[in-house]
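Novice: Sharing a structure below in structure tokens format, with a few things to ask.
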Amino acid sequence: MVMTSKGGGKYQQVPNPGDSDDSDNDDDFIQRQIKNQRQQLQKQDEGLEMLSLSATRLGELSMNISTELDAQNKMLNDMENDLSDATDNLDYVTRKTKELIKKSGGKKNFCIIMGLIGVIVVLFFLIVYT
């Protein structure tokens, strides 16, 4: 821009032909920057929305896993109690069996009885199949 003097020593701006192009270029640059910023904000908003949805799904999944683990822990505790009861019953039956063997004369008489049962079974098959 060129300054000129007019009558009373005051200066007035004289438009330079190149100034209008600079002003237009500046306006275009500013508009492009504003547009780019808006696009970036929109992309960030979309990314944050996706992140929010992912966090929500992850929270729901973790709650489902927690519920499933609680149910499986209850089943395991029930199974442990049932197994403990079965072990106690088996111990009782084993003790009673040992007492019965002892009352019936020990292992010697038990082996004799089992041997005689075996002989009876063999004789039965011989009679039936001959």
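Novice: Being of a type in the set (K, R) and modelled with pLDDT of 95 or more is the filter here, so list the residues in segment 73-130 that pass it.
Specialist: K74
Novice: Cβ-Cβ under 9 Å, sequence separation 6+ or interchain: first residue in segment 97-112 and assigned to a helix (DSSP H, G or I), partner aliphatic (A, V, I, L, M). Which pairs?
Specialist: As it stands, the answer is K107/I101; N109/I101; F110/I101, since those pairs meet every condition given.
The values are calculated or read from the model by the stated rules, or taken from the named source; none is laboratory data. Values in this document were obtained by computation on a predicted structure and should not be read as measured data. Every residue, glycine as well, gets a Cβ built from its backbone with ideal geometry; the counts of neighbours run over all protein chains shown.
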